[in-house]
Amino acid sequence: MKKSLLFSSLLLAAGITGSAFAQEPVDAAMNAKLREEGLNHSKVMEIAFNMTDVAGPRLTGSPGLKRAQEWAVKQLTAYGMSNAKREPWGVKFGKGWEVQKNYAAITTPYYHAIIAVPKAWTASTNGLIKGDVVLVKADTTTDLDKYKGKLAGKIVIFDAASLPERAIRADMARYTDEQLAEMAKAVMAPAGGAGQGRRGGAGAFGAGNPQFAALRRQMAMRGAITNFIKNEHAGLVLSQARGTDGTVFTTNGASYRDTAAIAGPELETSAEDYQRILRLVRAGHKVEMEAEIKTKFDTDDMEGYNVVAEIPGTDKNLKDQLVMIGGHFDSWHGGTGATDNAAGSAVMMEAMRILKAVGYKPKRTIRIALWSGEEQGLFGSHYYVDKHFGDRTTMKLLPDQAKISAYYNLDNGTGKIRGIYLQGNEEARPIFQAWLDPFKDLGAGYVTISNTGGTDHQSFDAVGIPGFQYIQDGMDYNTRTHHSNEDTYDRLVENDLKQAATIVASFVYHTAERKDMIPRKPLPTPPPAGAQGGARGGR
């Protein structure tokens with residue numbers, strides 16, 4: 001009995017719990033230090049403030065993104081990181097673009113300033129314009145003939161369905177324990193099934209599907225209408241944005257590519273303002289508007305850039321191995337990209353700061369990467385992986401692919417971490433479960449074999465590197481903030497970000513100190529010639 005008690009005491013003194021000892025060592029003493037720094041001396045909101053309020057919107061290629069990147073390089077250096085820099089993709093992105101002025105209002109039958117955001121990569125108006133609102137209804141190109149010579153200088157709108165009946169429900173929501181438990185019970189999908197990060201081929205929505213053909217016809221008609229309106233010299237186009245209660249979910253109205261034609265000015269309008277205008281016009285009332293939109297295209301530097309920095313490893317045998325963390329730094333332009341994804345980027349910067357603040361000297365090198373071009377297709381992480389680790393289309397791997405233990409990503413809003421997606425890597429389950437168990441009091445602790453798609457961990461997974469995204473509470477990410485004018489600093493939840501940064505710091509510490517690297521799945525099979533890999537953007 002005394003021997004057993006002594007052994008248990010030694011384990012506790014070493015910071016190793018009994019349950020974890022059987023599976024995976026957990027350093028309780030270091031976790032206590034990380035908690036103290038991360039929860040009681042946090043800088044995460046200060047970091048987020050500089051990314052959002054100070055830098056502004058961070059559309060890829062924009063001055064706002066460059067401001068934020070340059071600030072991040074300086075801040076990471078100030079925290080004690082090495083080799084902090086803006087690293088070029090090595091591939092041209094395209095035209096930079098920003099909004100410099102945005103004003104639109106109804107002036108007849110009365111004055112009312114509307115809520116609206118210019119579509120990305122669309123042009124300016126010709127100074128302040130004033131004109132009648134004209135409703136264009138066309139199902140075929142022949143229908144457009146009746147508008148010839150009638151749209152010059154006008155403000156154009158299109159028919160749209162009225163808003164659905166309002167439902168009274170909360171915007172913000174957290175996962176329930178029951179929901180998380182169901183996620184944890186998920187089983188591995190069959191090879192080639194859901195969650196494997198691969199797309200392509202003539203699947204359920206392939207070229208032979210009637211829905212696909214209908215979509216192509218719809219897109220072709222939309223292009224014909226756009227060209228017609230531009231050639232008729234309309235002053236401005238209004239489109240009804242997705243969203244309610246003044247929320248405008250923004251999109252792009254033209255391509256960012258340097259070879260793309262510049263599209264005419266177009267505003268995505270709040271559903272309530274759009275429907276008001278539409279009702280008046282339908283009823284035969286004269287509606288006049290004035291607007292002035294000023295946007296700027298930048299073609300001086302069309303390269304894409306990521307921000308990278310690191311804490312060098314100190315173990316002579318392990319320092320060439322890597323642990324990576326990251327999140328995408330770019331945003332859309334309607335708000336300041338707080339939940340998408342200053343939240344994730346700030347958490348990752350804060351995790352690095354925490355590790356330096358507690359005096360940690362890692363065995364393996366720890367590297368942070370803040371990606372750009374994620375919203376257009378995971379470009380920043382994709383090109384980084386191409387350059388450093390290997391080509392997913394050929395599966396021709398570079399030597400450093402074998403030296404990275406894991407990549408951890410955060411990109412699902414401001415919600416606290418509740419667990420981690422395994423991305424199909426079942427061997428990592430007992431490791432991550434042991435690392436999460438000490439944070440059950442903070443709401444974490446769940447591990448699921450499933451994956452959440454559409455963000456930068458997939459670029460790593462595509463070349464056989466263990467890449468993971470954390471499970472986060474949804475909050476109002478999908479209902480209110482994702483890509484919208486509501487995505488601002490005020491939507492961030494401070495305690496959630498503190499919790500997330502502390503847990504990420506612990507994961508990084510244990511990965512860097514672990515005797516072995518994180519287990520790997522079998523190397524992915526290269527996609528068929530001509531098929532795209534699994535990356536897709538827009539989270």
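Where a number appears in this text, it was derived from the coordinates with a stated rule and is not lab data. Because the structure is predicted, anything quoted here is derived from the model rather than measured. All Cβ positions, even for glycine, are placed from backbone atoms using ideal geometry, and neighbour counts span all protein chains on display.
List of remarks:
- Highest mean packing first, where packing is the average number of other Cβ atoms within 10 Å per residue, the peptides 507-520, 273-286, 163-176 line up as 507-520, 273-286, 163-176.
- Ranked from largest, the principal axis spans of the Cα set of segment 397-526 equal 43, 34, 22 Å.
- Counted charge near LYS294, where neighbours are those whose Cβ lies closer than 12 Å (Asp, Glu -1; Lys, Arg +1): 0
- Distribution of pairwise C-alpha distances over segment 208-333, 10 Å bins, in %: 8, 23, 29, 18, 10, 8, 3, 1
- Straight-line cross-link reach from LYS521 at under 19 Å between alpha-carbon atoms covers these lysines, not counting any fewer than eight positions away in the same chain: LYS396, LYS403.
- Reach of LYS66 by Cα under 23 Å, taken over lysines that are not fewer than 8 positions away in the same chain: LYS43, LYS74, LYS85, LYS92, LYS95, LYS101, LYS119, LYS294, LYS296, LYS387
- Rounded to 5, percent antiparallel among DSSP beta bridges of the chain: 55
- Percentage relative contact order, segment 266-424, counting C-alpha pairs under 8 Å, at least six apart: 29
- Cα-based shape type of segment 307-454, given that a ≥ b ≥ c are square roots of the gyration tensor eigenvalues and the cut on a/c is 1.5: rounded
- A helix-only calculation puts the chain at -8500 deg cm²/dmol for mean residue ellipticity at 222 nm, using -39500 (n - 2.57) for each DSSP H run of at least four residues, averaged over all residues.
- Across the chain, the convex hull enclosing all Cα atoms gives 168 Å³ per residue.
- Extension gain for ASP143 to ARG86 (0.36 nm times residue separation, less C-alpha to C-alpha distance): 15.5 nm.
- Overall, the chain carries a charge dipole of about 760 debye about its Cα centre when +1 sits on the Cβ of Lys and Arg and -1 on the Cβ of Asp and Glu, all other atoms neutral.
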